[in-house]
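Colleague: Submitted below is the structure of interest, expressed as C-alpha coordinates.
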Amino acid sequence: AGAAGTGCPSEVPSEVGLVYVAWRLGGLILCANLLFNVSLQYTSVSSATVIASSSAVWTLLFSAWLLGEPLSLLRVASVSCGLAGVLLVVYGGAGEGAWGDDEHHHHPHAARALARISHSAAAAAHRAELKHALGSAGLVASAACYGAYTVRLKREVPSEKEAPLPYLFGLMGASLLAAGPPALLLLHATGVERLELPARDNLLAICGNALLGTVVANLLLARAALLTSPLVVVVGLSLSIPLAMASDVARQRERLTPALLAGALAVWLAFLGVSVARVPKDGGLLGRMCAHCPTRCRHCAGLW
(Lines give C-alpha, C1' and ligand atoms only; values in the text may rest on other atoms or scores of the structure.)
Protein backbone atom coordinates (compact mmCIF):
# COMPACT_ATOMS: atom_id res chain seq x y z
CA ALA A 1 0.00 0.00 0.00
CA GLY A 2 1.73 3.15 -1.16
CA ALA A 3 1.24 6.77 -0.28
CA ALA A 4 -1.56 8.35 -2.22
CA GLY A 5 -0.43 10.41 -5.13
CA THR A 6 3.06 8.91 -5.44
CA GLY A 7 4.20 7.50 -8.69
CA CYS A 8 6.34 4.72 -7.17
CA PRO A 9 4.64 3.44 -4.02
CA SER A 10 6.91 2.12 -1.32
CA GLU A 11 6.22 -1.10 0.50
CA VAL A 12 5.15 -0.98 4.14
CA PRO A 13 8.40 -0.85 6.13
CA SER A 14 9.15 -3.56 8.67
CA GLU A 15 10.36 -2.78 12.18
CA VAL A 16 14.00 -2.97 11.08
CA GLY A 17 13.19 -1.05 7.92
CA LEU A 18 11.43 1.64 9.95
CA VAL A 19 14.53 2.11 12.10
CA TYR A 20 16.56 2.54 8.91
CA VAL A 21 14.01 5.07 7.63
CA ALA A 22 14.26 6.95 10.94
CA TRP A 23 18.06 7.07 10.62
CA ARG A 24 17.87 8.53 7.12
CA LEU A 25 15.14 11.06 7.90
CA GLY A 26 16.82 12.06 11.15
CA GLY A 27 20.12 12.56 9.35
CA LEU A 28 18.52 14.78 6.72
CA ILE A 29 16.69 17.02 9.21
CA LEU A 30 19.80 17.21 11.41
CA CYS A 31 21.96 18.27 8.45
CA ALA A 32 19.36 20.86 7.40
CA ASN A 33 19.18 22.48 10.86
CA LEU A 34 22.92 22.22 11.54
CA LEU A 35 23.92 23.76 8.22
CA PHE A 36 21.38 26.57 8.65
CA ASN A 37 22.48 27.48 12.18
CA VAL A 38 26.19 27.34 11.34
CA SER A 39 25.73 29.36 8.15
CA LEU A 40 23.94 32.15 10.03
CA GLN A 41 27.32 33.09 11.55
CA TYR A 42 28.70 33.99 8.12
CA THR A 43 25.79 35.69 6.35
CA SER A 44 23.01 38.17 7.00
CA VAL A 45 19.50 37.41 8.18
CA SER A 46 18.00 38.70 4.93
CA SER A 47 20.23 36.47 2.79
CA ALA A 48 19.49 33.49 5.03
CA THR A 49 15.73 34.10 4.72
CA VAL A 50 15.79 34.29 0.94
CA ILE A 51 18.12 31.31 0.42
CA ALA A 52 16.17 29.17 2.90
CA SER A 53 12.99 29.83 0.93
CA SER A 54 14.67 28.17 -2.07
CA SER A 55 13.83 24.82 -0.42
CA ALA A 56 10.58 25.05 -2.42
CA VAL A 57 12.61 24.70 -5.63
CA TRP A 58 14.43 21.63 -4.31
CA THR A 59 11.15 20.13 -3.12
CA LEU A 60 9.60 20.70 -6.54
CA LEU A 61 12.51 18.91 -8.26
CA PHE A 62 12.74 16.04 -5.75
CA SER A 63 8.96 15.53 -5.92
CA ALA A 64 9.15 15.19 -9.69
CA TRP A 65 12.01 12.70 -9.41
CA LEU A 66 10.99 10.51 -6.48
CA LEU A 67 7.22 10.97 -6.27
CA GLY A 68 6.42 11.34 -9.95
CA GLU A 69 4.63 14.64 -9.41
CA PRO A 70 4.55 16.60 -12.69
CA LEU A 71 6.43 19.84 -13.24
CA SER A 72 3.25 21.60 -14.30
CA LEU A 73 3.19 25.24 -15.33
CA LEU A 74 1.02 26.16 -12.33
CA ARG A 75 3.41 24.55 -9.82
CA VAL A 76 6.51 26.13 -11.37
CA ALA A 77 4.82 29.53 -11.60
CA SER A 78 3.62 29.30 -8.00
CA VAL A 79 7.10 28.49 -6.68
CA SER A 80 8.58 31.36 -8.72
CA CYS A 81 5.89 33.71 -7.43
CA GLY A 82 6.65 32.68 -3.86
CA LEU A 83 10.38 33.35 -4.26
CA ALA A 84 9.65 36.76 -5.77
CA GLY A 85 7.32 37.54 -2.88
CA VAL A 86 9.97 36.61 -0.31
CA LEU A 87 12.47 38.90 -2.08
CA LEU A 88 9.99 41.77 -1.98
CA VAL A 89 9.18 41.25 1.69
CA VAL A 90 12.80 40.90 2.81
CA TYR A 91 14.49 43.57 0.70
CA GLY A 92 11.67 45.94 -0.19
CA GLY A 93 9.16 45.60 2.61
CA ALA A 94 11.15 47.36 5.31
CA GLY A 95 12.67 50.78 5.62
CA GLU A 96 16.35 51.63 5.59
CA GLY A 97 18.38 49.94 8.26
CA ALA A 98 16.06 46.94 8.61
CA TRP A 99 17.11 43.32 8.35
CA GLY A 100 20.70 44.16 9.12
CA ASP A 101 21.31 46.87 6.49
CA ASP A 102 24.35 49.07 7.11
CA GLU A 103 23.43 52.74 7.42
CA HIS A 104 27.05 53.93 7.34
CA HIS A 105 27.17 53.43 3.57
CA HIS A 106 24.98 56.54 3.20
CA HIS A 107 27.15 58.79 5.39
CA PRO A 108 29.75 60.99 3.62
CA HIS A 109 32.32 60.64 6.42
CA ALA A 110 31.95 56.88 6.29
CA ALA A 111 32.51 56.97 2.53
CA ARG A 112 35.76 58.95 2.96
CA ALA A 113 36.87 56.55 5.67
CA LEU A 114 36.23 53.59 3.40
CA ALA A 115 38.27 55.31 0.67
CA ARG A 116 41.28 55.31 3.00
CA ILE A 117 41.01 51.66 3.89
CA SER A 118 44.32 49.94 4.47
CA HIS A 119 45.69 46.81 2.87
CA SER A 120 45.03 44.77 6.00
CA ALA A 121 41.45 45.96 6.12
CA ALA A 122 41.03 45.02 2.46
CA ALA A 123 42.32 41.53 3.26
CA ALA A 124 39.85 41.34 6.13
CA ALA A 125 37.06 42.39 3.78
CA HIS A 126 38.13 39.65 1.35
CA ARG A 127 37.97 37.08 4.14
CA ALA A 128 34.52 38.37 5.09
CA GLU A 129 33.35 37.92 1.50
CA LEU A 130 34.71 34.38 1.50
CA LYS A 131 32.89 33.60 4.73
CA HIS A 132 29.70 35.06 3.26
CA ALA A 133 30.07 32.82 0.21
CA LEU A 134 30.62 29.77 2.41
CA GLY A 135 27.61 30.73 4.50
CA SER A 136 25.46 31.07 1.38
CA ALA A 137 26.65 27.66 0.15
CA GLY A 138 25.75 26.16 3.51
CA LEU A 139 22.28 27.69 3.34
CA VAL A 140 21.72 26.25 -0.14
CA ALA A 141 22.76 22.82 1.13
CA SER A 142 20.43 23.25 4.10
CA ALA A 143 17.51 24.10 1.81
CA ALA A 144 18.28 21.04 -0.34
CA CYS A 145 18.40 18.79 2.73
CA TYR A 146 15.05 20.07 3.97
CA GLY A 147 13.48 19.57 0.56
CA ALA A 148 14.87 16.03 0.45
CA TYR A 149 13.57 15.38 3.98
CA THR A 150 9.98 16.31 3.19
CA VAL A 151 9.96 14.28 -0.04
CA ARG A 152 11.61 11.25 1.58
CA LEU A 153 9.07 11.41 4.40
CA LYS A 154 6.20 11.31 1.91
CA ARG A 155 7.81 8.43 0.03
CA GLU A 156 8.95 6.31 2.96
CA VAL A 157 5.81 6.51 5.10
CA PRO A 158 2.85 4.95 3.23
CA SER A 159 0.31 5.81 5.94
CA GLU A 160 0.10 6.42 9.66
CA LYS A 161 -1.59 3.05 10.15
CA GLU A 162 1.61 1.18 9.33
CA ALA A 163 4.04 3.85 10.59
CA PRO A 164 2.53 6.24 13.18
CA LEU A 165 4.30 9.58 13.09
CA PRO A 166 4.86 9.82 16.89
CA TYR A 167 6.51 6.40 16.78
CA LEU A 168 8.62 7.36 13.77
CA PHE A 169 9.71 10.62 15.41
CA GLY A 170 10.53 8.70 18.57
CA LEU A 171 12.82 6.45 16.56
CA MET A 172 14.40 9.52 14.94
CA GLY A 173 15.00 11.07 18.35
CA ALA A 174 16.45 7.84 19.74
CA SER A 175 18.77 7.53 16.74
CA LEU A 176 20.06 11.08 17.11
CA LEU A 177 20.36 10.64 20.88
CA ALA A 178 22.54 7.58 20.35
CA ALA A 179 24.80 9.37 17.86
CA GLY A 180 24.80 12.79 19.54
CA PRO A 181 26.90 12.33 22.73
CA PRO A 182 29.92 10.77 20.95
CA ALA A 183 29.87 13.59 18.39
CA LEU A 184 29.61 16.25 21.11
CA LEU A 185 32.46 14.70 23.09
CA LEU A 186 34.61 14.65 19.94
CA LEU A 187 33.85 18.33 19.24
CA HIS A 188 34.63 19.19 22.87
CA ALA A 189 37.93 17.28 22.80
CA THR A 190 39.03 19.00 19.58
CA GLY A 191 38.04 22.44 20.84
CA VAL A 192 35.47 23.06 18.11
CA GLU A 193 32.55 23.30 20.54
CA ARG A 194 32.65 23.66 24.30
CA LEU A 195 30.40 21.19 26.10
CA GLU A 196 28.85 22.51 29.32
CA LEU A 197 25.47 22.63 31.02
CA PRO A 198 23.54 25.85 30.29
CA ALA A 199 22.10 28.09 32.97
CA ARG A 200 18.75 27.12 34.45
CA ASP A 201 16.79 29.84 32.65
CA ASN A 202 18.49 29.01 29.36
CA LEU A 203 17.81 25.30 29.90
CA LEU A 204 14.09 25.95 30.38
CA ALA A 205 14.01 28.10 27.25
CA ILE A 206 15.84 25.43 25.26
CA CYS A 207 13.43 22.72 26.44
CA GLY A 208 10.39 24.85 25.65
CA ASN A 209 11.69 25.71 22.19
CA ALA A 210 12.58 22.07 21.54
CA LEU A 211 9.08 20.94 22.53
CA LEU A 212 7.07 23.55 20.64
CA GLY A 213 9.39 24.70 17.89
CA THR A 214 10.84 21.29 17.02
CA VAL A 215 8.72 18.33 18.14
CA VAL A 216 5.21 19.74 17.81
CA ALA A 217 6.02 21.83 14.73
CA ASN A 218 7.70 18.95 12.88
CA LEU A 219 4.89 16.55 13.77
CA LEU A 220 2.33 18.98 12.35
CA LEU A 221 4.42 19.53 9.21
CA ALA A 222 4.87 15.78 8.73
CA ARG A 223 1.13 15.23 9.15
CA ALA A 224 0.44 17.98 6.61
CA ALA A 225 2.92 16.43 4.16
CA LEU A 226 1.08 13.10 4.34
CA LEU A 227 -2.33 14.75 3.89
CA THR A 228 -1.29 17.08 1.04
CA SER A 229 2.14 17.11 -0.60
CA PRO A 230 5.69 18.13 0.38
CA LEU A 231 5.55 21.13 -1.94
CA VAL A 232 2.43 22.51 -0.26
CA VAL A 233 4.10 22.16 3.14
CA VAL A 234 7.36 23.86 2.13
CA VAL A 235 5.65 26.73 0.33
CA GLY A 236 3.30 27.08 3.29
CA LEU A 237 6.29 27.63 5.55
CA SER A 238 7.10 30.77 3.55
CA LEU A 239 3.88 32.31 4.91
CA SER A 240 5.73 32.87 8.19
CA ILE A 241 7.84 35.59 6.50
CA PRO A 242 5.04 38.04 5.60
CA LEU A 243 3.24 37.15 8.84
CA ALA A 244 6.36 38.07 10.84
CA MET A 245 6.67 41.36 8.94
CA ALA A 246 2.96 42.06 9.57
CA SER A 247 3.60 41.52 13.27
CA ASP A 248 6.43 44.06 13.13
CA VAL A 249 4.15 46.55 11.37
CA ALA A 250 1.41 46.03 13.95
CA ARG A 251 3.92 46.70 16.74
CA GLN A 252 5.19 49.76 14.81
CA ARG A 253 8.66 48.29 14.51
CA GLU A 254 8.45 48.55 10.72
CA ARG A 255 6.39 50.71 8.39
CA LEU A 256 3.95 49.37 5.85
CA THR A 257 5.17 49.78 2.26
CA PRO A 258 3.74 48.83 -1.15
CA ALA A 259 6.60 46.34 -1.61
CA LEU A 260 5.62 44.59 1.62
CA LEU A 261 2.00 44.31 0.53
CA ALA A 262 2.97 43.04 -2.93
CA GLY A 263 5.40 40.51 -1.47
CA ALA A 264 2.90 39.20 1.05
CA LEU A 265 0.26 38.88 -1.70
CA ALA A 266 2.72 36.99 -3.91
CA VAL A 267 3.55 34.51 -1.14
CA TRP A 268 -0.14 33.87 -0.45
CA LEU A 269 -0.83 33.42 -4.17
CA ALA A 270 2.04 30.93 -4.36
CA PHE A 271 0.56 28.92 -1.52
CA LEU A 272 -2.88 28.92 -3.12
CA GLY A 273 -1.35 27.94 -6.46
CA VAL A 274 0.45 24.84 -5.19
CA SER A 275 -2.58 23.92 -3.08
CA VAL A 276 -4.98 23.80 -6.01
CA ALA A 277 -2.50 22.27 -8.46
CA ARG A 278 -3.79 18.81 -9.25
CA VAL A 279 -1.47 15.81 -9.15
CA PRO A 280 -2.50 12.92 -11.43
CA LYS A 281 -3.41 9.76 -9.57
CA ASP A 282 -1.04 7.76 -11.78
CA GLY A 283 1.88 9.96 -10.70
CA GLY A 284 2.42 11.62 -14.07
CA LEU A 285 5.06 10.42 -16.54
CA LEU A 286 7.25 8.68 -13.95
CA GLY A 287 4.22 6.98 -12.42
CA ARG A 288 3.12 5.59 -15.80
CA MET A 289 6.65 4.34 -16.45
CA CYS A 290 6.75 2.59 -13.07
CA ALA A 291 3.31 1.06 -13.64
CA HIS A 292 4.72 -0.91 -16.60
CA CYS A 293 7.92 -1.86 -14.76
CA PRO A 294 8.04 -5.65 -14.08
CA THR A 295 9.99 -5.12 -10.83
CA ARG A 296 7.11 -3.08 -9.33
CA CYS A 297 9.41 -0.35 -8.02
CA ARG A 298 11.64 -2.64 -5.98
CA HIS A 299 14.64 -1.09 -7.70
CA CYS A 300 13.15 2.41 -7.68
CA ALA A 301 12.57 2.17 -3.92
CA GLY A 302 16.31 1.77 -3.51
CA LEU A 303 17.04 5.25 -4.88
CA TRP A 304 18.94 7.39 -2.36
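Colleague: If you plug each phi of the stretch 208-217 into the Karplus form 6.51 cos²θ - 1.76 cosθ + 1.60 with θ = phi - 60°, what whole-Hz ³J(HN,Hα) values come out, in order, with x for Gly and Pro?
Modeller: x, 5, 5, 6, 7, x, 10, 5, 5, 4
Colleague: How big is the equivalent ellipsoid of the stretch 38-94 along its three axes, where each semi-axis is √(5λ) from the Cα gyration tensor, reported in whole Å from largest to smallest?
Modeller: 25, 16, 4
Colleague: First check a/c for the stretch 19-64, with a ≥ b ≥ c the square roots of the eigenvalues of its C-alpha gyration tensor; if it is under 1.5, answer rounded, and if not, answer prolate when a/b is larger than b/c or oblate otherwise.
Modeller: oblate
Colleague: I'd like the carbon and sulfur percentage of the solvent accessible area for the stretch 136-211, probe radius 1.4 Å, heavy atoms only, ligands and nucleic acids excluded.
Modeller: Roughly 69 percent, rounded to a whole number.
Colleague: Quick one: if you take sqrt(5λ) for each eigenvalue of the C-alpha gyration tensor of the stretch 227-267, what semi-axes come out, biggest first, whole angstrom?
Modeller: Semi-axes, largest first: 24, 11, 5 Å.
The values are calculated or read from the model by the stated rules, or taken from the named source; none is laboratory data. Quick caveat: nothing in here was measured; it's all calculated off a predicted structure. Remember, those area values only see protein heavy atoms, side chains included, never the ligands or the DNA or RNA. Shrake-Rupley method; radii C 1.70, N 1.55, O 1.52, S 1.80 Å.
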